[in-house]
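Novice: Below you will find the structure I want to go over with you.
Only the coordinates and a few stated rules stand behind these numbers; no lab work does. From a predicted model like this one, the values you see are computed outputs, not experimental measurements. When we count neighbours, we look across all protein chains shown, and the Cβ atoms used for this are built from the backbone with ideal geometry, even at glycine.
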Amino acid sequence: MRALIEQSRGTAAPYAVTHVFSDQADAAGLDVARSLGIPAQVVAGAKTADRAAYDRELSAAIGDCAPSLIVLAGFMRILSAQFVADFAGRILNIHPSLLPKYPGLHTHRRVLQAHEAQHGATVHFVTEQLDGGPPVIQARVAVAADDDEASLAARVQVEEHRIYPLAVRWFCEGRLRYGDGQAWLDGRALREPVQFTEIAHDG
């Protein structure tokens, strides 16, 4: 979230972060957002609360802001089908794995247990399927022999801060869209996610 806000303030940035929402009153991101001058609001809901009812409240609060794009950053609630439908094609998420590998939780631990050579992060459009929406861009890191969950997570997070603002930029520039169940970039359906290393190597 901080990376998205800070990069939105760069020269000729095509987007602005206008509001931050959290379902947790003690979320550190609320204070971070406010310290950066971004209105931040809690839409509280117990984890046992009816998901559809909560999402109607959240949808109404977000709708008042009329956003072009909703960007999930550490929002751990599973969104209802109706919420996703309300904002279809306008929700991005970042997941700490090379999707479709390792959807869900504890990705760093699972990668280490599987002795994977590579790990990373994926930005994807949000659909009803958990972590199953069409991917947009990925960044990869090598898994070192002495990695633990914390060291691996830290390196993945560095890459997350690179690729997430880039995907948001593409969307707000009109280059990225969702249609026909696919992600489209520059008018071309993405059969595979863009690899950040390819962009970096191209300058």
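Novice: How many nm is it between the label spots at Q118 and E192, if each spot is 7 Å from the Cα in line with the beta carbon?
Specialist: About 0.8 nm separates the two model spin labels.
Novice: Evaluate the charge dipole of the chain about its Cα centre and quote only its size in Debye, nearest 20, assuming +1 on the Cβ of each Lys and Arg and -1 on the Cβ of each Asp and Glu.
Specialist: I would put it at about 240 debye.
Novice: Work out, step by step, the length gained on full extension between F87 and A153: first 0.36 nm times the residue separation, then minus their alpha carbon distance; give nm to one decimal.
Specialist: Difference between extended and current length: 20.8 nm.
Novice: Which whole-number percent gives the relative contact order of the chain, counting Cα pairs below 8 Å spaced six or more residues apart?
Specialist: Normalised by residue count, the contact order of the chain is 16 percent.
Novice: Sticking with this one: Count neighbours as other Cβ atoms within 10 Å of each site's Cβ, and list the trypsin sites (Lys or Arg not before Pro) in segment 1-43 that are DSSP loop with at most 13 such neighbours.
Specialist: Within segment 1-43, the qualifying trypsin sites (Lys or Arg not before Pro) (loop, at most 13 other Cβ atoms within 10 Å) are R9.
Novice: Let me ask another. May I ask what percent, to the nearest 5, of DSSP beta bridges between residues of segment 2-201 are antiparallel?
Specialist: So the antiparallel bridges amount to about 70 percent of the total.
Novice: Further question on the same structure: How much mean residue ellipticity at 222 nm does the chain get from its helices, if each DSSP H run of length 4 or more adds -39500 (n - 2.57) and you divide by all residues, to the nearest 500 deg cm²/dmol?
Specialist: Rounded to the nearest 500, the figure is -10500 deg cm²/dmol.
Novice: Another question about this same structure. Taking the number of other C-beta atoms within 10 Å as the exposure measure, put T11, T122 in order starting with the fewest.
Specialist: T11, T122
Novice: A further question follows. For L72 and A16, calculate 0.36 nm times their separation in residues minus their Cα-Cα distance, and state this gained length in nm to one decimal.
Specialist: Numbers: separation 56, 0.36 × 56 = 20.16 nm, distance 1.49 nm.
Extending this stretch completely gives an extra 18.7 nm.
Novice: Kindly list the residues of segment 88-125 that lie in the label zone of C172, defined by a backbone N under 16 Å from the point 7 Å along the Cα-to-C-beta vector.
Specialist: 90-93
Novice: Report the extension gain between R110 and I199 in nm, rounded to one decimal, defined as 0.36 nm multiplied by the number of residues separating them, less their alpha carbon distance.
Specialist: Answer, rounded to one decimal: 29.2 nm.
Novice: Please quote Rg/Rh for segment 2-201 to two decimal places, taking the Kirkwood radius as Rh and restricting both calculations to Cα atoms.
Specialist: Taking Rh as the inverse mean 1/r over Cα pairs, Rg/Rh reads 0.95.
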